[in-house]
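Report on the structure given below.
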Amino acid sequence: MKKLVLAEKPSVGRQLAQALGCRSRMDGYIEGDKYVVTWALGHLVELANPDQYNERWRRWSVRDLPMLPPTLEQVPIDQTKEQLSVVKALMERPDIETVIIATDAGREGELVARWIMKLANWQGNSERLWISSQTEASIAEGFANLKDAALYDNLYAAAESRAAADWYVGMNVTRAMTCTYDARLSAGRVQTPTLALMVEREDEIEAFAGAFYWTLRADFTHFWASYYPEENTIRITDEAKALELEQSLVAKQGTVVSVDRADRSEAPPLAYDLTELQRDANLVLDLSAKETLDTLQSLYERHRLVTYPRTDSRYITADIVPTLRARLLALAGTDFKEVCKRYLDEGFRIDEERFVQDAKVGDHHAIIPTEERVDLSRLSGTERAVWELVSLRFLEVLSGDYRYQTTTV
């Protein structure tokens with residue numbers, strides 16, 4: 001008997017097949033002695049269009065809104081139905097005893113697999129591969145610790161609910177707007193509120209009424225000082241008052257009444273989640289959010305150099321701590337070698353209060369480098385730049401506090 005491994009993409013399927021010793025390449029799958037690895041092409045299944053529930057809904061008309069079928073049906077996507085047929089045929093083989101869901105370890109990946117299994121009417125055993133990187137070590141550990149797929153039923157329910165909301169909002173509001181305004185308009189569960197936020201912000205910018213203000217700075221040879229007309233502000237709103245103060249203070253003597261020195265410290269930043277990395281990549285590299293995500297996917301799937309990118313956590317779990325040295329060793333052959341060597345020789349910070357937080361990690365921990373040795377010659381310019389952001393932030397997280405002294409005169 002064999003186990004069927006269902007990956008989300010052909011590239012990931014090939015990596016899994018290699019790690020599992022599957023060598024026989026067939027049309028749409030790769031087979032070995034114990035495993036058969038197949039894949040989706042992203043989504044192979046989608047929600048049915050309105051006219052498949054009611055022929056009247058084929059024509060766009062406000063009179064037929066809202067369209068609220070009590071149950072949304074799944075149908076094959078025409079462009080990928082051949083691969084769906086391959087997967088269904090594999091699930092019908094008598095020697096397949098278990099399906100291992102190996103799609104992306106997240107909400108959308110769960111939906112990809114479950115809808116395929118639903119249309120294939122799979123009734124056998126199901127297990128879940130849950131890994132955060134595509135290295136051979138991570139894959140091996142994941143297959144050694146497969147989970148019961150039923151543990152992820154709530155994740156599937158959440159994904160299905162989101163898909164339903166997309167359908168009900170998108171289909172109904174898009175038709176309502178298009179018919180009402182006689183123009184091709186679109187609306188969506190995420191798209192429309194996001195657009196509303198942008199419009200609201202633009203309105204605030206256009207309504208902003210600027211005002212002039214003046215400041216006074218004095219040169220005391222060894223330092224500069226600013227005049228504070230009120231506590232916590234250096235702005236003087238009255239030009240006449242500013243000029244009067246300037247004339248009254250020029251070439252005058254002052255008395256230093258206090259000099260206060262204080263030792264301060266600043267903790268290093270947390271590791272990247274996807275949003276924070278997209279923000280920095282835009283500021284530093286001028287990349288769009290999509291360009292950053294696409295580059296991360298390549299670094300994750302193809303090069304295996306970073307962990308799962310679609311994460312909303314900036315923390316790691318305690319079980320990742322023992323792997324930190326291996327991740328530093330993987331960076332030792334790069335431009336970060338001096339920092340890595342110092343960390344490996346002298347130790348590095350493991351901030352259990354700020355960085356190691358199991359309770360703050362959902363589906364995946366923060367984006368950090370993997371244990372895979374880095375060959376920079378294989379990376380494009382953009383891939384290298386994004387990888388450097390991730391690696392530099394990882395090293396910052398492991399550093400001590402920045403300590404400095406302030407002097408207030």
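Below, the figures for the structure above:
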quantity: Kirkwood Rh in Å, taken over the chain so that all alpha-carbon pairs contribute; calculated: 26.1
quantity: Filter on LYS290/LYS341; LYS118/LYS147; LYS9/LYS337 - keep pairs with C-alpha separation over 30 Å; calculated: LYS290/LYS341; LYS9/LYS337
quantity: Point-to-point label distance, LYS118-ALA332, nm (Cα→Cβ direction, 7 Å offset); calculated: 5.0
quantity: Protection proxy ranking, peptides 395-405, 240-250, average beta carbon neighbours within 10 Å, highest first; calculated: 395-405, 240-250
quantity: Protection proxy ranking, peptides 197-208, 374-385, average beta carbon neighbours within 10 Å, highest first; calculated: 374-385, 197-208
quantity: Local net charge near ASP166, Cβ-Cβ under 11 Å (Lys/Arg +1, Asp/Glu -1); calculated: 0
quantity: Degrees between helix 274-285 axis and first principal axis of the chain (Cα, 0 to 90, nearest 10); calculated: 60
quantity: Per-residue [θ]222 nm for the chain (sum of -39500 (n - 2.57) over DSSP H runs n ≥ 4, rounded to 500); calculated: -12500 deg cm²/dmol
quantity: Three principal axis lengths of the range 223-312 [C-alpha, angstrom, descending]; calculated: 68, 34, 21
quantity: Two-site FRET efficiency, ALA137 against LEU376, from Cβ-Cβ distance with R₀ of 22 Å, rounded to 0.05; calculated: 0.55
quantity: Dipole magnitude of the range 274-404, debye to nearest 20 (Cβ charges: Lys/Arg +1, Asp/Glu -1, about Cα centre); calculated: 180
quantity: Simple Cβ-charge dipole of the chain, Lys/Arg +1 and Asp/Glu -1, about Cα centre, in debye nearest 20; calculated: 1040
quantity: Which of PHE223, PHE348 has the fewest Cβ neighbours within 10 Å, and the rest in rising order; calculated: PHE223, PHE348
quantity: Theoretical FRET efficiency, 1/(1+(r/R0)^6), r = Cβ-Cβ of LEU41 and SER288, R0 22 Å, to 0.05; calculated: 0.35
quantity: Efficiency of FRET between LEU151 and THR215 - r from beta-carbon atoms, R0 41 angstrom, step 0.05; calculated: 0.10
quantity: Å³ per residue enclosed by the Cα convex hull of the range 2-161; calculated: 123
quantity: Label point distance in nm, LEU197-GLU396, each placed 7 Å from Cα along Cα→Cβ; calculated: 2.2
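Here, each number is a calculation from the coordinates, and none is a lab measurement. These numbers were taken from a predicted model, which means no experiment stands behind them. In this analysis, Cβ positions are derived from the backbone assuming ideal geometry, glycine residues included, and neighbour counts consider all displayed protein chains.
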